1. Which residues, counting only those in the stretch 26-41, are assigned to a helix (DSSP H, G or I) and either in contact (Cβ under 8 Å) with a residue 40 or more places away in the chain or surrounded by fewer than 19 Cβ atoms within 10 Å (Cβ to Cβ) (or both)?
2. Quick check on my filter: what residues within the stretch 17-66 are of a type outside the set (S, T, N, Q), within 17 Å of Asp80 (Cβ to Cβ) and more than 11 Å from the chain's Cα centre (by Cα)?
3. From the list Ile48, Ile15, which residue is at pLDDT 95 or above, crowded, with 20+ Cβ neighbours inside 10 Å and not charged (D, E, K, R)?
4. Val134: in contact with a Lys or Arg (Cβ under 7 Å, 6 or more places away or on another chain) and at negative phi, yes or no?
5. Against the conditions (1) free of Cβ contacts under 8 Å to residues at least 60 places away in the same chain; (2) under 14 Å from Asp16 (Cβ atoms), where does Asp100 fall short? Just the number, please.
6. Hey, can you tell me all the residues within the stretch 120-165 that are among the basic types (Lys, Arg), under 19 Å from Leu40 (Cα atoms) and in contact with a Phe, Trp or Tyr (Cβ under 8 Å, 6 or more places away or on another chain)?
7. Test of understanding: among Ser23, Ser7, which residue is part of a loop (DSSP other than H, G, I, E, B) and of a type in the set (Ser, Thr, Tyr)?
8. Can you give me the number of residues within the stretch 32-46 that are within 16 Å of Val134 (Cβ to Cβ) and of a type outside the set (D, E, K, R)?
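The values are calculated or read from the model by the stated rules, or taken from the named source; none is laboratory data. Just so we're clear, the structure is a prediction, and the values are computed from it rather than from any experiment. Counting neighbours? That spans all protein chains shown, and the Cβs are built from the backbone with ideal geometry, glycine included.
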Amino acid sequence: MSITKHSGQRVAVLIDVQNLYHSAKNLYKARVNFGAILKLAVSQRSLIRAFAYVVRTKTGEERAFFDALIKLGIETRVRDLQEFFGGLKKADWDVGITVDAIRIAPSVDAIVLASGDGDFFQLVEFLKNQGKRVEIIAFGRSASSKMKEAADEFIDLEMSPEKYLLKR
């Protein structure tokens, strides 16, 4: 049973920046308009918290991007990029996003997860079992089919990519 969005709903937004960034880059060779994503996610409801999960490199070139997110009212959760022997680079936020979602769940009616990563399937199931409305925002072609089905609502950014992408 799907619950209608209404202005009294308290909502938290969790943005998997790497997931959206790589999807937009691979599908459209474009960048994501995170301001438009936040507006879509909140949908005139009461925003309690918005988090963006980002990765810091040694060069620090992403600082302006982090500042732009903060100006939008999005709190940044920053993790340093790990570089392993042989050139492998990794900065996985799955556990951090999951923990934050579970922590904030008691304070909200709905959680919007901006990610199509199928690793969050169990999180979606858990949150729904806690009585939370769970919405997924992602690019349909790169989103997990399990996530699309599990969510109370799947919002496909590809239905209006011009609204959610920035021109290079």
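1. Pass one, the stretch 26-41, residues assigned to a helix (DSSP H, G or I): 26-28, 34-41.
Of everything in the stretch 26-41, those that are assigned to a helix (DSSP H, G or I) and either in contact (Cβ under 8 Å) with a residue 40 or more places away in the chain or surrounded by fewer than 19 Cβ atoms within 10 Å (Cβ to Cβ) (or both) turn out to be Asn26, Leu27, Tyr28, Phe34, Gly35, Ala36, Ile37, Lys39, Leu40, Ala41.
2. The answer is Val55, Arg56, Lys58, Gly60, Glu61, Glu62, Arg63, Phe65, Phe66.
3. Numbers: Ile48 fails: crowded, with 20+ Cβ neighbours inside 10 Å.
None of the others qualify; the one that does is Ile15.
4. On the way: in contact with a Lys or Arg (Cβ under 7 Å, 6 or more places away or on another chain): yes; at negative phi: yes.
Yes; evaluated as a whole, the condition is true for this residue.
5. Here Asp100 clears every test but (1).
6. Result: Lys148, single match.
7. Values: Ser23 fails: part of a loop (DSSP other than H, G, I, E, B).
Step by step, each of Ser23, Ser7 is checked, and only Ser7 is part of a loop (DSSP other than H, G, I, E, B) and of a type in the set (Ser, Thr, Tyr).
8. Initial filter on the stretch 32-46 (within 16 Å of Val134 (Cβ to Cβ)): 40-43, 45.
After this cut, where a residue has to be of a type outside the set (D, E, K, R) as well, the list is 40-43.
The qualifying residues number 4.
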